[in-house]
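Scroll down for the structure; my scribbles are underneath it.
What follows is calculated from the coordinates using simple rules that are stated; it is not laboratory data. Computed from a predicted structure; not experimentally measured. All Cβ positions, glycine included, derive from the backbone under ideal geometry; neighbour counts span all protein chains shown.
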Amino acid sequence: MAANSKSLSEQSPKLGGTHFEEGRKLSARAHQLIPGGAHTYAKGDDQYPERAPHFIARGKGSHVWDLDGNEYIEYGMGLRAVTLGHAFEPVVQAAVHQMQFGANFVRPAPIEVECAERFLELVPTAEMVKFGKHGSDALDGAVRLARAHTGRDYIAICSDHPFFSVSDWFIGTTAMPGGIPHWTRSHTLGFHYNDLSSVEALFDEYPDQIACVILEAARLEEPAPGFLEGLRDLCHRRGALLVFDEMITGFRWHNSGAQHVYGVTPDLSSFGKAIANGFSVSALAGKREIMQLGGYDHDRERVFLLSTTHGAETHSLAAAIATMSTYRDHDVVGHLYRQGRKLREGVDAAARDAGVHEQVKCLGRDCSVLFTTKDAAGNPSQELRALFLQEMIRRGVLAPSFVVSYSHSDADIEHTIQAAAEALRIYRKALEGNVHDYLIGRPLKPVFRRYP
Ligand SMILES: Cc1ncc(COP(=O)(O)O)c(C=O)c1O
């Protein structure tokens, strides 16, 4: 893409974070009231530089506005939940319409069946589905079903994938296991992606004890030929279930999920995030034989599967139906791939021009691009990440990742590439000199750390 000769502030005077006073004041208040100042760690102050919006007051499409009135093009989109764009009209209308008829009753609402039908139309490799509120709920349900179905206690998770659930069985394996009993921690085992022998070794070490193997079918790395098929066959030979976490891949890799893209059907899979464009809906889907243990059309021991007060909140299900209908009727996934690709190519070219392509690299599929921020020695740097975010924010781009939505336009992408080109020239200077001459305030910190 040709570089524009006008400076960014001349081209888009509205975009850019310059003053954050109102946000800072509310942030101080938030830290008095809420541990960590936010209800989701990934949105916390320690994940952003000091010169960053503390709060987002509103969003429309691919743009957001902070409490001080600064406007940004946003990438990240509600931790990848907002695939269509913020306040996407058909989804908002569907939710508002449904809300007028009541949010929650003593018996199921008909919309629960309609939403299940729409989901299973899109993901035909699943035979049954049950909705929850969070990806964690859905995967927790998968773990319980797998343990009940197999009569085994251990579970194996892919150690190269960063997040599966807020529940003890996963948090106990992280660098922040405080409050989780040793028994729980010791019953989750780890294996490596694209390494069947590491899974086989677990089955050998814990014979007839592993209930299920959990992974994202793909994340930044694509599956090696035969890996997913081999994993499925290995699990079944050893009497365990294969579970795909489709929280990110579902509706981003393909309307029918990564299980469709790679042609490997897991026994169970969990969906969430993109299912309702930011409204809280998740889904546990899978084979009837296993899923129905959560019901009562069988003669085995029953399993308490996903059952919460708010599980079938009607307006969230209406939002989910409108979102999934948009996927069905429009080429949303194609747009994500196209815009993500343009962005990746532009940022990678800008990194080469600035001579920082070894440090700043786009990673992953075009529909879900992340980036590295390494130092001169090739190690991940929280200082340099903070600096890059700071310089992007100054230029009107809020980009903890380069995850696009259906609302990201060509103009958004062009602006972002030019912002990155300018930010990366500063990154280069920081690499050659001292990052603290350019970074205002403290660096970032990883979410998972044992001490503050
Ligand atoms: C791959 C993956 N699985 C599971 C989860 C948990 O989902 P939730 O936060 O909705 O509980 C996340 C959340 O970020 C995720 O990225």
For the chain: rounded, prolate or oblate by the Cα gyration tensor [a/c cutoff 1.5]: prolate
At q = 0.20, 0.23, 0.25 Å⁻¹, base-10 log of I(q)/I(0) for the stretch 410-450 (Debye sum, equal scatterers on each alpha carbon): -0.76, -0.82, -0.84
Ratio Rg/Rh [Cα only; Rh per Kirkwood] for the stretch 71-156: 1.05
Furthest towards positive pole of dipole, V404, A420, G441, structure part the stretch 385-443, Cβ charges: G441
Amide H within-cut-off set for F371, under 5 Å, with H built and near neighbours excluded: L363, F402
Relative contact order %, the stretch 377-452, counting alpha carbon pairs below 8 Å whose residues are six or more apart: 49
Positive-end residue, the stretch 40-126 charge dipole about Cα centroid, Cβ charges, pick of A81, F105, L120: F105
Gap separating the Cα centres of the stretch 422-452 and the stretch 356-396, nearest whole Å: 10
Relative contact order computed over the chain (Cα-Cα under 8 Å; 6+ residues apart), in percent: 22
Nearest-20 debye value, the chain charge dipole, Cβ charges on Lys, Arg, Asp, Glu: 780
Folded to 0 to 90 degrees: helix 196-205 orientation relative to the chain principal axis, Cα: 50
Equivalent ellipsoid, the stretch 272-411 (semi-axes from 5 times Cα gyration tensor eigenvalues, Å): 40, 19, 14
Contact order relative to length of the stretch 225-328, as percent, for alpha carbon pairs under 8 angstrom and 6 or more apart: 22
³J(HN,Hα) computed for each position of the stretch 215-231 - Karplus, 6.51 cos²θ - 1.76 cosθ + 1.60, integer Hz, glycine/proline x: 7, 7, 4, 7, 10, 7, 9, 7, x, 5, x, x, 5, 5, 5, x, 5
Summed residue charge, Cβ within 15 Å of D160's Cβ, Lys/Arg positive, Asp/Glu negative: -4
In degrees, nearest ten, helix 332-354 long axis to first principal axis of the chain (Cα): 40
Phi to ³J(HN,Hα) by Karplus 6.51 cos²θ - 1.76 cosθ + 1.60 over the stretch 436-444, Hz, x for Gly, Pro: 6, 6, 10, 7, 8, x, 7, x, 8
Summed residue charge, Cβ within 14 Å of K133's Cβ, Lys/Arg positive, Asp/Glu negative: -2
Summed residue charge, Cβ within 15 Å of S27's Cβ, Lys/Arg positive, Asp/Glu negative: -1
Solvent-free Debye scattering, log10 I(q)/I(0), computed from the Cα coordinates of the stretch 202-306 at q = 0.10, 0.19, 0.20 Å⁻¹: -0.32, -1.04, -1.11
For q = 0.13, 0.19, 0.25 Å⁻¹, Debye-computed log10 I/I(0) when each Cα of the stretch 228-288 counts as one equal scatterer: -0.35, -0.67, -1.01
Rounded tilt (10° steps) of 89-99 against the dominant C-alpha axis of the chain: 50
Gap separating the Cα centres of the stretch 53-87 and the stretch 307-346, nearest whole Å: 16
Cα shape, the stretch 126-174, gyration tensor, a/c 1.5 rule: oblate
Reciprocal of mean inverse Cα separation for the stretch 371-452 (Kirkwood radius, Å): 13.7
Selection from L363, G378, Y296, by position along the positive dipole direction of the stretch 255-392 (Cβ): L363
